[in-house]
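The values are calculated or read from the model by the stated rules, or taken from the named source; none is laboratory data. Since the structure is predicted, the reported quantities are computational estimates derived from the model, not experimental observations. A quick note on method: Cβ atoms are made from the backbone with ideal geometry, for glycine too, and the neighbour counts reach across all protein chains shown. These area figures cover heavy atoms from the full protein model, side chains too; ligands, DNA and RNA do not enter into them. Shrake-Rupley method; radii C 1.70, N 1.55, O 1.52, S 1.80 Å.
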Amino acid sequence: MNRLLCAAAAASVLLCFTPFAVAAPEPAATPAQVLATLAFEENRGQADEPVRFLARGPGYRVYLTPREAAMVFESDGQPREMRMSFEGANPAPSMRGEQLLDHRTNYLGSADPTNNIVGVRSHSRVRYRSLYPGVDLVYYASQGKLEYDLVVAPRADAGRIAVAFSGAKPRLAPDGELQLDADGLQLRYHRPVAYQDIGGQRKIVDARYVIARDGAVKFALAPYDRSRALVIDPILSYASYSWGATANAVATDSAGNAYITGGASGSGPAATSTYQTRVLGTQDVYVAKVDPTGKQLLWATYIGSRKGSATGVGIALDASGNVYVAGTTATGTYPVTAGAYQTTYTAGSFVTKLNATGTALVYSTFVNGGNVTGMALGTGGDVYLTGNANALVTTAGAFQPTGSGTTVPFVARLNATGNAMTYATYLGGSGGDTGAAIAVGSDGSAYVTGTAKSTNFPLVNAMRTSRQGPSDAFVARLNPAGSQLVYSTYLGGASYDDGLGIAVDAQGQAHVVGRAYSDDFPTTAGSFQPRNGFTSPNFSNGFIAKFSASGTSLVYASYLGGRWCSSNCGGGFLGDGDALSAVALDASGHAYVGGWSISGQFPQVEPFQDVPAYYSEYTRQLFVAKIRPAGDGVVYADVLGGRDFDLQVRSIAADRSGGAFFVGTTVDLPFTAGAQSPTAGGGAVVKIAPGRYPTRLNSSLNPVVVGQPITLTADVQNPAPGGTVSFYDGATAIGSAPVAAGRATLSVSLAAGVHKLSAVFSGDALISPPVYQLVKGQ
């Protein structure tokens with residue numbers, strides 16, 4: 001019997017109900033982990049009795065006693081206190097620190113050394129044992145925020161759990177969230193969400209708050225299969241509309257802040273103390289910096305001119321925090337700087353570099369002769385561009401100095417000072433090809449994708465040497481000088497296929513996404529979806545293809561999409577379908593993808609929004625997914641929002657914690673508490689956090705008999721590359737294994753009995769949910 005219930009209770013709180021009190025192993029945390037987490041100090045006299053542990057977070061303090069948790073918030077210099085306790089709980093539970101941190105704290109305020117407090121130990125978790133019969137309480141932190149789990153043993157009564165708040169009045173919001181009003185301070189707890197994994201599919205189980213007459217908060221759960229796990233992961237961290245402006249591109253910095261650009265007409269983000277504080281033209285570019293929670297606009301500025309029109313389509317950051325924006329403009333009055341590459345406008349695009357505070361232009365230049373569709377930033381500050389051109393000023397030595405079509409894809413590299421092109425070249429045949437997206441390798445090579453209709457598209461070291469359908473995606477790599485192709489290939493099947501997004505990893509392996517109408521798109525064995533979800537010449541599925549560094553073979557390739565209706569579908573007549581339009585990578589090789597779907601049965605995995613199968617209204621719906629490094633599985637895939645409008649993801653970025661930011665078009669978004677702009681209009685800004693359990697453990701066979709070996713597989717979703725996984729039987733280490741392609745495996749033979757197995761990844765020291773392995777005697 002393996003029962004697990006977790007429910008997201010707040011933006012900063014996660015409730016979990018698991019079957020056994022986990023006697024967790026306690027690996028030491030690294031210094032980086034210490035900085036990224038709350039430290040629960042043992043009380044050695046630095047706080048009053050009966051405090052057993054204390055912690056300090058950004059703007060608040062936490063004091064843990066056997067009976068309650070006291071939280072003191074600092075706001076406008078005025079402390080506000082809220083206390084949380086559990087009604088009917090054990091008044092004297094055993095309290096224990098877990099996961100000892102590798103540092104000590106000293107209090108040296110006394111002139112008498114004997115009164116100083118030195119060597120205070122800290123832990124990343126604190127466990128209350130037997131808070132209720134069979135129920136443990138565990139406090140911990142995630143990204144600096146206090147969270148807790150409730151751990152429920154088999155046959156224990158979760159219905160006894162009742163949370164009481166002192167100093168705050170709870171009430172239910174219309175959207176099912178729990179709101180706490182505490183002397184002018186407002187806290188919101190997201191509505192609980194839970195689901196079960198049944199037959200490889202995620203089934204939502206309804207969970208909601210109930211406020212009792214005495215004000216205590218309890219949890220109401222719909223019936224569920226108590227023989228199976230019930231979990232929450234991932235977490236919708238925040239979702240907001242983009243201030244009434246379009247949202248076309250997003251980038252992140254090392255601190256987890258998001259930078260967004262697009263076009264603003266009548267409305268947009270509030271801009272103060274910046275380069276340009278309001279919209280001047282019919283449409284101006286905007287750049288906005290939002291903090292990691294999505295609740296605070298750190299700065300925003302506009303870039304435009306009176307009666308002019310411009311929009312940002314790409315954004316990137318350098319190591320100093322300078323912001324690079326590329327886009328299109330229809331006016332010669334767009335602001336450019338003296339000495340820039342092109343200061344006179346004919347027709348086309350622009351590149352603008354802002355300083356790190358958004359208060360000044362470092363440089364700004366026109367790029368005439370073509371429309372930019374994608375940009376990327378090299379390590380030295382060079383800006384790489386792709387798009388479609390008819391009058392591009394190419395450079396000497398360029399791979400293809402002229403174009404033969406009405407418009408032809410181009411690739412250009414603007415130098416770090418913005419005053420010259422390192423190279424500018426066409427890249428296409430004579431049949432109406434289009435460039436869509438670009439990425440930059442660590443050596444300065446440019447990786448480009450788009451759609452090839454030409455039969456004479458330039459090819460070198462091609463995986464496919466001829467166009468397979470009326471149009472194929474193309475994938476090309478140019479050398480750093482732009483003078484020759486390293487490789488260039490068609491990618492597609494017998495119908496229409498398009499390349500829409502591209503990213504490249506540290507090994508020079510390109511990840512290409514797009515849409516495929518072809519039923520014979522070249523997927524690979526072992527991929528997570530080797531077949532089209534719906535066979536029709538008028539309906540597409542998304543695809544992702546990971547190329548080898550040489551470009552001559554595929555590491556993996558897969559569809560991602562579903563059926564456009566549930567039954568009686570006929571031959572299909574939509575002329576659209578599912579598509580992947582954006583991709584980003586983390587250091588471990590996970591691919592974060594986004595796009596649009598009109599599938600009636602999109603293959604959702606671990607959804608954070610309960611969306612049943614539906615008949616499409618022939619409109620697009622945005623979705624996002626995270627794909628394992630080997631392409632053999634999906635961590636999550638979820639459709640977001642309502643069903644009646646044309647929506648899509650335009651850009652996606654990954655942060656260092658394994659979270660994903662994406663922006664796109666939407667008018668029907670389930671925005672979160674504290675959202676920047678909860679009013680519909682323009683675009684969307686969404687962040688998905690990695691979830692509570694970035695490592696999952698599976699057994700190859702359960703139950704087994706004595707002497708029969710099993711293989712334990714740890715699925716590691718942490719974005720850190722490499723590392724090792726330690727496997728535990730209870731608190732006893734039973735072995736370790738390196739992580740490769742997001743997984744670590746260990747073969748073991750166990751004695752007869754029930755074994756509580758868990759796994760810990762060295763990159764984050766977080767314990768996986770347990771697996772209860774039954775070993776039968778002979």
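Here are a few things to note about the model shown:
- As a calculated quantity, the FRET efficiency between Ala270 and Ala733 at R0 = 41 Å, using C-beta atoms, amounts to about 0.15.
- For Arg56, the solvent-accessible surface computed with a 1.4 Å probe is close to 120 Å², ligands and nucleic acids excluded.
- Cα centroid of region 516-545 to Cα centroid of region 259-334, whole Å: 37
- Take every pair of alpha-carbon atoms less than 8 Å apart whose residues are at least six positions apart; their mean separation over the length of region 333-421 yields a relative contact order of 26 percent.
- Separation in nanometres of the label points that stand 7 Å from Cα toward Cβ, at Asp520 and Asn456: 2.6
- Computed with a 1.4 Å probe over protein heavy atoms only, the accessible area of Glu81 comes to about 90 Å².
- Spin-label pair Thr333/Ala391, simplified geometry with 7 Å Cα→Cβ offset, distance in nm: 2.1
- Efficiency of FRET between Thr406 and Ala356 - r from beta-carbon atoms, R0 30 angstrom, step 0.05: 0.15
- With the whole protein complex present, Leu64 retains an accessible surface near 0 Å², based on a 1.4 Å probe.
- A full extension of the chain between Gln708 and Leu100 corresponds to an added length of 215.3 nm, given 0.36 nm per residue minus the alpha carbon distance.
- Glu87 paired with Val754, simple spin-label distance in nm, labels 7 Å along Cα-to-beta-carbon: 3.1
- Restricting the calculation to Cα atoms, every distinct pair contributes to the Kirkwood radius of region 278-429, found to be 15.7 Å.
- Efficiency of FRET between Arg56 and Asp157 - r from beta-carbon atoms, R0 56 angstrom, step 0.05: 0.95
- Within region 758-776: backbone nitrogen closer than 16 Å to the Arg129 label point (7 Å, Cα to C-beta): none
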